[in-house]
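Just below is one structure, and these are the notes that go with it.
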Amino acid sequence: MNIWQTLYEKAKVQYDPKDVTPFIYAHNVVCALEAENGDIYTGFCVESCSGVCNLCAERVAALNMYVNSGQTHIKRMIAFRDSAPSGGGSGMPCGACQDFLLQLDQKNKATEIMIDYGNLETTTLGELMPNWWGNERYSE
C-alpha cells in the first residue's frame, strides 16, 4: 500500500456524518496527514451554528499532530467528504486552513495536497499561495 492509500484509508475511518447536538454537526469532512517523521494524524470537520466555532478537518488533523507530538511540518495531506478527491477543486483546503498551515511552519509550503486521488495528482501549499502575506515575516 502506498502512502496515499494509507492516508485515504486512515481518513475514511473518520467519515461518519452526524449531529453531535442540535447545534453541532461533525465528521462530514475528514483529513489525514503525514507528519515530517512519518507519523499519521487524522481530523474531522466540526461545524456549529456559530460559524466562528467551526473547525475544518485539516486544522483538526494539524492540531492533533502538534498536540500529540509537537511537530509542525506536514509532508502530505488528503481531505475529502464521502469520496476521495477527484479533481475540480475537491480535496482543497479552504483559505483559512491554507493560511493556518503556513503559519504553523514555513516548511509547509512544500506540503503535498492530494487533488485527484485516482490520478495521484497533487499540488503544494506553496503553489496554492505563492504570494502568502506571511513570507515577509518569516524572512525577517
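Worth a mention:
- Counting only residues that are among the polar types (S, T, N, Q) and part of a strand (DSSP E or B), the range 1-35 holds 1 of them.
- Of all the criteria given as (1) more than 21 Å from Gly134 (Cα to Cα); (2) surrounded by 15 or more Cβ atoms within 10 Å (Cβ to Cβ), the one not satisfied by Val67 is (2).
- Against the numbered list (1) under 21 Å from Thr124 (Cβ atoms); (2) at pLDDT 95 or above, Gly88 comes up short only at (2).
- Near pairs, Cβ below 6 angstrom, 6+ apart or cross-chain, from the range 12-35 (of a type in the set (Phe, Trp, Tyr)) to any residue that is surrounded by fewer than 22 Cβ atoms within 10 Å (Cβ to Cβ) and in a strand (DSSP E or B): Phe23/Ser48; Tyr25/Asp19; Tyr25/Glu47
- If you go through the range 36-73 and keep only what is in a helix (DSSP H, G or I), over 22 Å from Ile3 (Cα atoms) and at pLDDT 95 or above, you end up with just Val67.
- Residue satisfying all of: in the range 92-133; more than 22 Å from Tyr66 (Cα to Cα) and crowded, with 20+ Cβ neighbours inside 10 Å; farthest from the chain's Cα centre (by Cα) among these: Tyr117
The values are calculated or read from the model by the stated rules, or taken from the named source; none is laboratory data. This one's a predicted model, so the numbers in the text were calculated from it and none came from an experiment. Positions of Cβ are generated from backbone atoms using ideal geometry, with glycine treated the same way; all protein chains shown enter the neighbour counts.
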